[in-house]
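J.: This is the structure, below, for whatever I ask next.
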Amino acid sequence: MSEDVTILAIESSCDETAAAVVRNGREVLSNVIFSQIDLHTLYGGVVPEIASRKHIEKINQVIEEALKKADRKLTDMDAIAVTYGPGLVGALLVGVSAAKAISFASGIPLIGVHHIEGHISANYIENKDLEPPFICLVISGGHTHLVVVKDYGQYEVLGRTRDDAAGEAFDKVARAIGLGYPGGPKIDKVSKEGNPEAIHFPRAKVAENEYDFSFSGLKSAVLNYLNAANMKGEEIVVPDVAASFQKSVVDVLVEHALDAVEKYGLKKFAIAGGVASNSTLRATFEKACRERDIAFYHPSPILCTDNAAMIGAAGYYEYITGARSGLDLNAVPNLKLGER
Ligand code: KG4
Ligand code: ZN
């Protein structure tokens, strides 16, 4: 019998229907992602009902494709890992129901995985040497968390956003300057032609917790800037607004995160989540970490945004501790990191 652990992983918490086959937590045999972005772009954001319906339509096909691309049969799987929260409840339920049905029919053990734990674990896939402890900044459309990864599956949340998530701020500002949805990649691209020093937007501090974030003030500052310019009949240079906004977000993230890394003396820092694919953010962290002699880890862009390979990586570290979920596993839309 092989000592390898091969996991079929399923992710459907938002607008990506995804399945992957992952060996020993770090080797991706297949990673299939059906993105619904084109569908939601029409409405300027994710429409939960449409997301659920599309997940139902696509889930079986995506799972079959993941097994086929990995050249594996279902019976080769040691476990089925599935995201059960946090996320949109109707979307999560599709993945959870599919995973439970497969587990029930095949007898293959089921493991419920936390979506943010998945994002953090994406770092293990391409950085074979990365082991806890380290600090991870999770920046996605729904979450902004600064986390100490104490060990596999053990997390201490140092700070989180008080209002908008980092990705949400990108999406809202992009809409305001007419770039459309999803805003992050569009602001990333258009900023390359802009001057990040053109407009000084605020860098918010949260008085009670030095590691918490707040992005709604920045978003309002951008909206006020746009309104004032419109009223005065001044030209709005979209690349300058985008680059200046992006710099403000990146400055705050870098300052908070690297302060924590130095304070905890860990010397290892990782980023995760959709916003972690931002090119300016990656370059700024790269340089700042080099200057401070901190090892910097980040997943490839395709493993930053939602995918199932990251769920397979997190699921593996749950699996080897003996963690298993029952067929009563349910979707938990507000699941907190560290809870089971
Ligand atoms: O992790 P993710 O795929 O989904 C959640 O779990 O939320 O993150 C999606 C978010 C969106 O807000 C999107 O605008 C943002 O990540 N994003 C980016 C970039 N690519 C995606 N933000 C900034 N720069 C990017 N290149
Ligand atoms: Zn995500």
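Since every read-out is calculated from the coordinates, none of them should be taken as a lab result. Quick caveat: nothing in here was measured; it's all calculated off a predicted structure. Cβ coordinates were reconstructed from backbone atoms using ideal geometry, including for glycine residues, and neighbour counts include every protein chain displayed.
J.: Mind sorting Tyr152, Tyr124 by how few other Cβ atoms lie within 10 Å of their own Cβ, fewest first?
T.: Tyr152, Tyr124
J.: If a/c stays under 1.5 just call it rounded; otherwise compare a/b with b/c (prolate if a/b is bigger, oblate if not). Do that for segment 34-158, with a ≥ b ≥ c from the square roots of the Cα gyration tensor eigenvalues.
T.: Verdict is oblate for segment 34-158.
J.: If I take all pairs of Cα atoms in the chain, what percentage of them are more than 26 Å from each other?
T.: Tail fraction, whole percent: 48.
J.: So, one more: Report the FRET efficiency, 1/(1 + (r/R0)^6), for Asp151 and Asp76, where r is their Cβ-Cβ distance and R0 is 30 Å, rounded to 0.05.
T.: 0.55
J.: Relative contact order of segment 268-328: what whole-number percent is it, with Cα pairs under 8 angstrom and at least 6 residues apart?
T.: Relative contact order, segment 268-328: 38 percent.
J.: To continue, here is another question. Mean separation of Cα pairs under 8 Å and 6+ residues apart, divided by the residue count of segment 50-185: what relative contact order is that in percent? Write out the running numbers ahead of the final one.
T.: Working: 167 pairs, mean separation 19.2, N = 136.
Relative contact order of segment 50-185: 14 percent.
J.: First select every other residue whose beta carbon is under 14 angstrom from the beta carbon of Ser279; then total the charges, Lys and Arg +1, Asp and Glu -1.
T.: Overall, the nearby charge balance is +3.
J.: Would you mind ranking Thr83, Thr280 by Cβ crowding within 10 Å, fewest neighbours first? Intermediate results must be reported in sequence, preceding the final value.
T.: On the way: Thr83 33, Thr280 17.
Going from least to most buried by this count: Thr280, Thr83.
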